[in-house]
Amino acid sequence: MNLPVLTVLIAIPAVTAVVITLFIPAGNRTALRSTALFGTALTLAATVGLVLRFEPIAGFQLRETATWIPQWGVSYRLGVDGVSLFLVALTALVMPLVIAASWEQAVRVKGFFASLLALEASLIGVFLALDLVLFYLFFEIMLVPMYALIGIWGGANRRYAALKFFLYTLVGGFLMLISILYLYFQPGGGTFSYETLTDVARGLDSTQQALLFTGFFAAFAIKVPLFPFHTWLPDAHTEAPTAGSVVLAAVMLKIGGYGFLRYSLPMFPDATSRLAPIILTLGVIGVLYGALVAMVQRDIKKLVAYSSVAHLGFVVIGVFALHPTGASGAVVQMVNHGISTGALFLLVGFLYDRTHSRQIAEYSGLLKAMPVFGGLFLVTVMSSVALPGLNGFVGEFPILLGAYQTVPWAAVLAAFGVILAALYLLWAYQRMFHGPVEGRAVGLLDLNAREITVMVPLVALMLGIGLYPQPIYDRVNPTVERIVSEARAGADLPAVAQGAGR
Amino acid sequence: MTILAQAVQQIDVPQIAWGAISPELVLFGFGIVVLLLETAGRSRVGVSAFLTVVVLAAAALLGWRTGETLTALMVALAALATMALTLIWRDRPRMLSAILTALGFVGALAATGWQWAEYAGAATATVGSESFPIVGTATAIGDMVAVDGVALFTRFTVCIAGLLTIPLGYAYAESRRIHRGEYYPLLLFSATGMTLLASSADLIMVFISIEILSLSLYILTAFARRDLNSQEAAFKYFLLGAFSSALLLYGIAVTYGIAGTTNIAAAGAAFATLDAPQAMTLTAMGLLVVGFGFKTAIVPFHMWTPDVYQGAPTPVTGFMAAATKAAAFAAFARLFVGSFANLQWTWVPAIWVLAVATMLLGAILAVVQQDVKRMLGYSAVAHAGYVLLGLTAVTRDGVSSLLLYLLIYAVTSLGAFGVLSLLERRTRKAMALDDLRGVGRRYPVPAGMFALFLLSLAGIPGTAGFIAKFAVFRSAVEAGQILLVAAAVLSSLIAFFFYIRVIVVMFMDEEPAEAEFAAPLISTTGMSAGLAVAAAVVVVVGLVPGLLLDLARQAASFAG
């Protein structure tokens, strides 16, 4: 049986989106949401198959190639490796949960679920594409459903937030497109195949490398988002509906970190190593700044949004420390952040559904009012602050460990970020959940069965990954090791050995 | 006597290869027929019968004298079809005209297709290390008319635009009570001018065809004659158009003065070898740029565009935006890339500056517009700037990307104007941005299509607009015009803002209270079909552009 697994992964949500758009009447809410759930669940099942089939080796597997626009050297190339595997899995996992969490969606249901499925297809496509035009296609096309999600189903200030999100991402995308075109016309180019262009890029002189690196970097740094390109994120998160926030935080931001590992490092090793100090500085600023700003937030959703800036600063540090341990940690941190922050946004959404308020000050004693909710929230917060035994730890610790060996200053400064994270998250938890039942907490119903069902897989993964991360590292490490060692070799840096994380 | 005989011999009677301009003849012929039938009024059946007899006789004569039996047969068939259609639709003259006009465009498309088949693969082009067949080139009728890829491809574009305009405009014209008899013949005559312009191999021919198309368009612009905006637009268009024609003519005269010929290829050759005063050459080229700049709406010659686009009846605006631009750019490319390539060090920097100004100014001014048609007018200016990217590349790829861009732009913008004319039927007035509030909820299908066309104009991947933009960017990067591409990217970003804003207003804003009382939206079969075709083209070309890219590549006749 030779099923093109990767194409199937993109096709299932895409076809489901088309079916929802064209064939299901807008009034039939049950059919719309059931179809959406079915499509995402099917994708998840296929992804489980993919993870099981994945061989823990470096390089791309299950490749698919077909000609698409031969006149321009554009082809349809897909492949999966240790970097993309778990990001795809994360996408496939989050989507059905998001749909289940939005089960009661009442306004313009059809467009809502169609947008979510279109988003899933393009997100999976971004992680699997091995042709730069195909990658760009998915990269840009996902803006449309996300824009709709924020702009149509978002909060009061949604139009501003949606536009800001759109334009920011677009700027980065265009700069990347120019860089891609420039690469294409270098000697040896003439195709948009990832591998060919990587070879071409490595052969360029250092000025060209630095310029092109910047073009790609712009696209990814805005996605991450890296300080100071992060200002769109709090707006987008605050205004987006829960589903949008979850997808944005859990998956879409990961395109940045993914892009660094897939494109920046392999293509421009020289520029990477030369510009790494600047980027690491920005990463460290992001970690600390995100944490400090999170601390003063009054809106719990904004707090979580800024915590994303901080957590993803770790990813940047892990990648640009150019140490295999740190980079593997960065990949795992991306997955963990998806799980933990996704869960936080879901929980905040559940609360918002009940009270329509996200002000921390308006809550008190939630633990007593909603014990199940409080318990789940606590586990998620602990996971987010990287408590050993939960998933956050197994990502952040290797990042610091790896970074310490190559750029100790960054590791030391970033370590403060871990402490700050504990501070702002636990402090917020304390204010909202402890104390007497007051304010809006009075008379709230605890989570219902559907909401608990949504949370169970996430909490299970927090524990599972926290206690036994080995299966993930086994699949991530070979690829990441190769990427980092090639990048170091390309930048004439001495090789470093893989340390912890094994 | 002998002197007289010699003089007669010196007049070189050109071999008139009617086949070379067969699409124009078809368009023009149908234009005349439609005009006659419209003039005939109640006696249209009789007139049609008379015409049929005359044309059948002519066809028989043609078949007998020249042996062109196939052509004669086609002409005869067209005459019989006209007769039959007149009988069927004898009580609905506008429907009859619309169908005959569509038949004219289809006939012209078929003739162009036949020419394409005839010439395809007749020449070979080499780009880099790669060789591929292209459409052959020939000149006919005393070197007045060129038959080559650029001409044929542009004919396709113009005819497709015309074909789409008919169903999109029919109901609009009916409901505005401007569905008068001259509408269809004028459409055909302007299309004749456009296709002729695209195939002009001589500057005189360029001038004549620009006049043919312009005069028809002036009238079409004023077609909503009770509407002051329409009158104003037509007057402005006419005055500025006349002015630009004069400048173009002046440029042609100076060119003739230097080169001693008005033939485009010969003039280019003469310019290149000449040590005539440099200033004169530059003057000639400058005046020509101004002339073409006006027709293609390049900054600073764009002033008429927003007013005319806003004032003209919406389907006419769509046709004008799509087809005029295609034709004028084809001639522009033929002259500058095809003939003045040797002098590119003089004109490319100038066009470079114009391109940057056009792209940025068009986009920036579009942002502040409140009227949707006016906004699309400024966006058309920005798009002209992107097309210039293909021109300044001065390469075969550049020309092919230019042709591709114009075709895709034609279909997309016609679709956008088509939806607008549908929506305008509801408000029965000019469409301001605010009038679109909540349209997405009430009419999801047309609003969704409008969104699709706007996204394509913006160049979102997965739509045809992206392919077009990618093609011109690609050719510009290849030609080393990185800065120009950077300006184009900046302009695209600004453009995204106003395209997206329309979508926002349609889908994210609440409907104003008074919308409850607005007339319901009535879509006709023709309108739906036209829009569906345009939308399908936008999506299909966006996803599988291979075939169209091939055609555009074969059509690139000039290597620069």
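Rule-based calculations on the coordinates, nothing more; no lab input. Keep in mind it's a predicted model, so treat the numbers as computed, not measured. Here the Cβ is made from the backbone with ideal geometry for all residues, glycine too, and neighbour counts use every protein chain on show.
Remarks
- Per residue, the Cα convex hull of region A:1-150 amounts to 116 Å³.
- Calculation over all alpha carbon pairs of region A:1-76 in 10 angstrom steps from 0 returns a P(r) of 16, 35, 29, 17, 3 percent.
- For A:Val88, B:Val533, order by how many other beta-carbon atoms lie within 10 Å, fewest first: B:Val533, A:Val88
- Here the convex hull built on the C-alpha positions of region B:120-555 has a volume of 124 cubic angstrom per residue.
- The sum of -39500 (n - 2.57) across all DSSP H runs of n ≥ 4, divided by the residue count of chain B, sets its helix-only mean residue ellipticity at 222 nm to -25000 deg cm²/dmol.
- Theoretical FRET efficiency, 1/(1+(r/R0)^6), r = Cβ-Cβ of B:Leu56 and B:Ala513, R0 60 Å, to 0.05: 0.45
- Farthest towards the positive end of the charge dipole of chain B, among the residues B:Val537, B:Trp18, B:Gln344, is the Cα of B:Val537, using unit charges on the Cβ of Lys, Arg, Asp and Glu.
- Amide H contacts for A:Ser364 (H built 1.01 Å from N in the peptide plane; partners 5 or more residues away or on another chain; cut-off under 5 Å): A:Glu438, A:Arg440, A:Ala441.
- For chain B, the Cβ-based charge dipole about the Cα centre amounts to some 1060 debye (Lys, Arg positive; Asp, Glu negative; other atoms uncharged).
- Loop-resident trypsin sites (Lys or Arg not before Pro) (DSSP state other than H, G, I, E or B) in region A:237-341 with no more than 15 further Cβ atoms inside 10 Å of their Cβ: A:Arg298.
- In this simple spin-label model, placing a label point 7 Å from the Cα along the Cα-to-Cβ direction at both A:Leu445 and A:Leu463 gives a separation of 2.7 nm.
- Label zone (B:Thr273, point 7 Å along Cα-to-C-beta; backbone nitrogen cut-off 19 Å) within region B:248-265: B:255-265.
- Remark on A:Phe227: its backbone amide H falls under 5 Å from those of A:Gly286, a criterion applied only to residues 5 or more positions apart or on other chains, H modelled at 1.01 Å from N.
- Trypsin sites (Lys or Arg not before Pro) within region B:175-256: DSSP coil, no more than 10 neighbouring Cβ in 10 Å: B:Arg177, B:Arg226
- Value of relative contact order over chain B, rounded to a whole percent, pairs C-alpha under 8 Å and six or more apart: 15
- Backbone amide hydrogens, once placed in the peptide plane, bring B:Asp509 within less than 5 Å of B:Gly438, excluding anything fewer than 5 places away on its chain.
- Förster radius 45 Å - calculated FRET efficiency between A:Ile419 and A:Asp199, Cβ distance, rounded to 0.05: 0.55
- Sequence-ordered 3J(HN,Hα) estimates for region A:188-203 from the Karplus curve with 6.51, -1.76 and 1.60 and θ = phi - 60° stand at x, x, x, 8, 9, 4, 4, 5, 4, 5, 4, 4, 4, 5, 5, x Hz, glycine and proline given as x.
- Label-zone membership for region A:76-95, site A:Thr65, 7 angstrom Cα→C-beta point, backbone N under 13 Å: A:76-79
- Only helices enter the 222 nm calculation for chain A: every DSSP H run of n ≥ 4 contributes -39,500 (n - 2.57), and dividing by all residues gives -24000 deg cm²/dmol, rounded to 500.
- Simple label model, 7 Å out from Cα along Cβ direction - B:Phe132 to B:Thr261, nm: 3.1
- Inter-chain Cβ neighbour average for residues B:449-459, partner chain, 10 Å: 1
- Restricting the trypsin sites (Lys or Arg not before Pro) of region B:351-443 to loop positions (DSSP other than H, G, I, E, B) with no more than 10 neighbouring Cβ atoms within 10 Å leaves B:Arg428, B:Lys429.
- Mean separation of Cα pairs under 8 Å and 6 or more residues apart, divided by the residue count, gives chain A a relative contact order of 16 percent.
- Debye intensity ratio I(q)/I(0), log10, region B:214-317, q values 0.18 Å⁻¹ (C-alpha model): -0.80
- Size of electric dipole in the protein assembly as shown: Cβ of Lys, Arg +1 and of Asp, Glu -1, about Cα centre, debye, nearest 20: 1960
- Convex hull per residue volume in Å³, alpha carbons only, for the protein assembly as shown: 180
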